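Trainee: There's a structure below that I have some questions on.
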Amino acid sequence: MRRTRKTVGVTFAVIAVAWGLMAVLPGSPQDVAPHWRADRDGMPRVIAHQGGNQERPGQTNLAFEHAHEIGVGAYVPSLRELFETYPGMLMLIEIKDDGERGALAAEVLRDLIREFGREDLTVVASFNTSPLRHFRSLSDGRVPTSGSMDEVVRFYVAHILGLNALNRAMPFQVFNLPVSFDVGPLTLDLTSRRLRRDIARRGMAVHYWTINRDDEMIELIEMGVDGIITDRPSRLQELIAEY
């Protein structure tokens, strides 16, 4: 019995030490390019969802032309013509499919990004982990990606538990998040200062979607987030200009 108690005591001591070390160890920086983070004045980047579909018809050349004219990035559903027309525009591109179609999309996307030399101008996103893993392996980590839902959940759980060491080697550089997320009867605040601080400490960027109300835009601007995805890019620019 004494030996059992001693073994249990040693085990708990080891767990406590490991827990403490993980809680204080800093995460390794991801060093995402500065144009994916807030600007020098601390203002968020404006990211036009589908080209800004409350200002122009979404996912049309007219919408992307408008986004280009006002100088914001676009959340892009198609590629070659847009790459050719707007070679310097920052683009956040989401792979919608999973499985074989997702893998094929990742391969086509990798080839087009390489062809147009857009490695530093593009962030690749997906809710699904499989196409992102495939894309990362194809691109050798040269193109920044956002976290899939599973990857973000793993990061968040470790963050809540204070196990920072578990988040030291994340395979992505950008968080694309809603402002909140419901888990049963609980509503998680994904804009909390502690979460944003832990993300920033790793050199990663955090963008919030899809923000169309003035009050939500203003709140995120005042928080100093890195990017805001919106259907109303012109309005967001107006609000940013007031600060």
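Bear in mind that the values in this text are calculations on the coordinates, not laboratory data. What you see is a predicted model, and the numbers here were worked out from it, not measured in a lab. Note that each Cβ is placed from the backbone with ideal geometry, even for glycine, and that neighbours are counted across all protein chains shown.
Trainee: Find the centroid of the Cα atoms in the stretch 183-240 and in the stretch 97-147, then give the distance between the two in whole Å.
Mentor: The two parts, judged by their Cα centres, are 24 Å apart.
Trainee: In Å and from the alpha-carbon atoms only, list the Rg and Dmax of the stretch 111-243.
Mentor: My reading of the Cα-based Rg and Dmax gives 15.8, 48 Å.
Trainee: Hey, could you pull the Cα Rg and Dmax for the stretch 83-127, both in Å?
Mentor: Answer for the stretch 83-127, Rg first and Dmax second: 10.8, 31 Å.
Trainee: What do you get for trypsin sites (Lys or Arg not before Pro) in the stretch 170-243 restricted to DSSP loop and a cutoff of at most 15 other Cβ within 10 Å of the site's Cβ?
Mentor: Details: sites: ARG193, ARG194, ARG196, ARG197, ARG201, ARG202, ARG213, ARG235; in loops: ARG202, ARG213.
The qualifying sites are ARG213.
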